[in-house]
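Asker: Below: one structure in structure tokens.
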Amino acid sequence: MTQAKFIFVALVFAFMALFPWMAGSYGVDFVTKIMVYAIFALSLELLVGTTGLICFGQAAFFGIGAYAAVLLSSDTSPASVVWLLPACVLSAAGYALAVGALSLRTKGVYFIMVTLAFAQMAYYMVHDTPLGGGTDGIYLTLKPVLGTWLDLDNANVLYGFTYGCLLVVFACMALLNRSRFGRALAGIRVNEQRMRATGFSTYPYKLAAFTVSGGIAGLAGFLFAVKDGFVNPELMSWHLSGAVLIMIILGGLGHLRGALIGAFAFALLQELFKSEAVFGTFAKHWHLGLGLSIIASVVFLPRGLVGLPEQVRARLLGAKRNDAQSGEVQ
């Protein structure tokens with residue numbers, strides 16, 4: 001990461017750290033949701049941007065983490081974060097390990113369809129059985145705590161806890177990308193056959209990345225369940241898998257900061273087009289506006305929002321060069 005990129009990321013995290021002192025309850029809740037989405041986006045970035053595996057079932061791991069947070073909690077006394085959080089992460093990672101062990105034996109569009117099939121299996125498991133409360137979902141009656149000094153029922157405490165989780169996940173993924181393991185994943189993304197020819201057994205690397213990705217998505221699901229206090233089968237739907245894929249494409253594939261930017265951009269665009277104050281009665285058709293914005297970003301920003309500064313710089317330099325050449329001709 002260059003110095004400019006590091007400064008940008010540091011400023012983003014500094015802004016998020018100071019945000020609760022500048023905003024009201026709605027703003028705190030909204031940015032908490034965005035940070036949860038950012039963690040979720042980082043989980044998929046590890047697969048798509050780093051390893052080159054396009055997974056269309058990421059919502060299953062997110063939903064498993066969320067459902068585990070509710071099902072493992074008690075209605076009589078609040079659960080402890082010390083064991084509930086790892087349990088949710090391990091539940092999602094365990095399912096990811098099983099799914100990855102089978103789906104990674106396929107490639108291309110077949111891999112995409114197999115991951116989608118496993119996600120739909122998890123979806124119908126909670127949708128059609130009493131385990132997940134059916135279509136009505138389940139409420140989290142008592143939110144987890146850690147002794148007397150960490151109560152996640154407090155919006156500001158939850159904000160700080162989510163911020164800390166996002167910071168840890170981002171830092172760990174940055175270190176992972178710079179490690180031997182991360183470089184092996186990057187090599188698999190570029191040319192898996194060449195990696196095999198150099199002596200790497202690529203399957204264990206991909207399976208490890210898939211499992212870690214599922215665990216991170218489970219962490220995001222846990223935080224989402226605690227924030228909303230409610231889970232339903234839509235958390236495992238293919239729509240959410242598509243939404244998080246759009247986030248990392250919108251932000252810029254292959255960049256950790258792209259997942260952050262994409263999560264913020266997606267949530268802000270969604271909020272903008274839903275606003276009746278801005279769009280009036282058209283706000284009920286907010287999907288149309290969001291879709292057109294995403295199409296425009298793909299057409300005009302092929303590298304995502306992270307590539308915007310470089311694209312602007314290249315055009316300005318190109319314009320200056322053309323002006324200089326025209327001046328020389330005159």
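Asker: So if I check each of 100, 133, 108, which one is under 19 Å from the mean Cα position of the chain (by Cα) and either at pLDDT below 90 or closer than 30 Å to residue 193 by Cα (or both)? Break it down stepwise before answering.
Answerer: Numbers: 133 fails: under 19 Å from the mean Cα position of the chain (by Cα); 108 fails: under 19 Å from the mean Cα position of the chain (by Cα).
That would be 100, the only listed residue that is under 19 Å from the mean Cα position of the chain (by Cα) and either at pLDDT below 90 or closer than 30 Å to residue 193 by Cα (or both).
Asker: Hey, another quick one. Tally time: how many residues in region 265-283 are surrounded by fewer than 22 Cβ atoms within 10 Å (Cβ to Cβ) and under 17 Å from residue 43 (Cβ atoms)?
Answerer: Step one: of region 265-283, the residues surrounded by fewer than 22 Cβ atoms within 10 Å (Cβ to Cβ) are 265, 267-283.
From what's left, under 17 Å from residue 43 (Cβ atoms): 267.
Within region 265-283, residues that are surrounded by fewer than 22 Cβ atoms within 10 Å (Cβ to Cβ) and under 17 Å from residue 43 (Cβ atoms) number 1.
Asker: Oh, and also: Working only within region 103-120, note down all residues that are surrounded by 13 or more Cβ atoms within 10 Å (Cβ to Cβ), aliphatic (A, V, I, L, M) and free of Cβ contacts under 8 Å to residues at least 60 places away in the same chain.
Answerer: Result: 112, 113, 114.
Asker: Report whether or not residue 245 is at pLDDT below 90 and buried (at least 17 other Cβ atoms within 10 Å of the Cβ).
Answerer: Values: at pLDDT below 90: no; buried (at least 17 other Cβ atoms within 10 Å of the Cβ): yes.
Judged against the criteria, residue 245 is not a match.
Asker: In region 121-137, which residue that is aliphatic (A, V, I, L, M) and surrounded by fewer than 16 Cβ atoms within 10 Å (Cβ to Cβ) is farthest from residue 74 (Cα to Cα)?
Answerer: Going through region 121-137, the residues aliphatic (A, V, I, L, M) turn out to be 121-122, 125-126, 131.
Checking the rest, the ones that are also surrounded by fewer than 16 Cβ atoms within 10 Å (Cβ to Cβ) come to 121, 131.
On the way: 121: 26, 131: 15 Å.
Checking each candidate, the answer is 121.
Asker: Tell me, please, whether a residue that is of a type in the set (S, T, N, Q), under 19 Å from the mean Cα position of the chain (by Cα) and in a helix (DSSP H, G or I) can be found in region 73-91.
Answerer: In the first step, residues of region 73-91 are kept if they are of a type in the set (S, T, N, Q); the result is 73-74, 76-77, 80, 91.
Now restrict to residues that are under 19 Å from the mean Cα position of the chain (by Cα): 91.
Add one more test, that the residue is in a helix (DSSP H, G or I), and what stays is 91.
There is at least one residue in region 73-91 that is of a type in the set (S, T, N, Q), under 19 Å from the mean Cα position of the chain (by Cα) and in a helix (DSSP H, G or I).
Asker: Within region 138-148, restricting attention to residues that are within 24 Å of the chain's Cα centre (by Cα) and buried (at least 18 other Cβ atoms within 10 Å of the Cβ), which residue is farthest from residue 74 (Cα to Cα)?
Answerer: Let us first name the residues in region 138-148 that are within 24 Å of the chain's Cα centre (by Cα), namely 138-140, 143-144.
Then drop every residue that is not buried (at least 18 other Cβ atoms within 10 Å of the Cβ), which leaves 138, 140, 143-144.
Details: 138: 12, 140: 9, 143: 9, 144: 9 Å.
Taking the candidates together, the pick is 138.
Asker: Among the residues of region 16-28, is there at least one that is buried (at least 24 other Cβ atoms within 10 Å of the Cβ) and over 15 Å from residue 263 (Cβ atoms)? Give the steps one after another, and end with the answer.
Answerer: Quick first cut of region 16-28, residues buried (at least 24 other Cβ atoms within 10 Å of the Cβ) only: none.
No, because not a single residue in region 16-28 is buried (at least 24 other Cβ atoms within 10 Å of the Cβ) and over 15 Å from residue 263 (Cβ atoms).
Asker: Any residue at all in region 272-279 that's within 18 Å of the chain's Cα centre (by Cα), part of a helix (DSSP H, G or I) and touching a residue at least 12 places away in the same chain (Cβ under 8 Å)?
Answerer: Let us first name the residues in region 272-279 that are within 18 Å of the chain's Cα centre (by Cα), namely none.
No: zero hits.
Asker: If you scan region 1-18, which residues turn out to be more than 20 Å from the chain's Cα centre (by Cα), assigned to a helix (DSSP H, G or I) and among the β-branched types (Val, Ile, Thr)?
Answerer: 7 - this is the single residue of region 1-18 that is more than 20 Å from the chain's Cα centre (by Cα), assigned to a helix (DSSP H, G or I) and among the β-branched types (Val, Ile, Thr).
Asker: Within region 149-159, is there a residue that is crowded, with 18+ Cβ neighbours inside 10 Å and among the polar types (S, T, N, Q)? Please lay out each step first, then the result.
Answerer: We begin by selecting, within region 149-159, every residue crowded, with 18+ Cβ neighbours inside 10 Å; these are 152, 158-159.
From what's left, among the polar types (S, T, N, Q): none.
No, because not a single residue in region 149-159 is crowded, with 18+ Cβ neighbours inside 10 Å and among the polar types (S, T, N, Q).
The values are calculated or read from the model by the stated rules, or taken from the named source; none is laboratory data. Treat the numbers as computed from the prediction; the structure is a model and nothing was measured. When we count neighbours, we look across all protein chains shown, and the Cβ atoms used for this are built from the backbone with ideal geometry, even at glycine.
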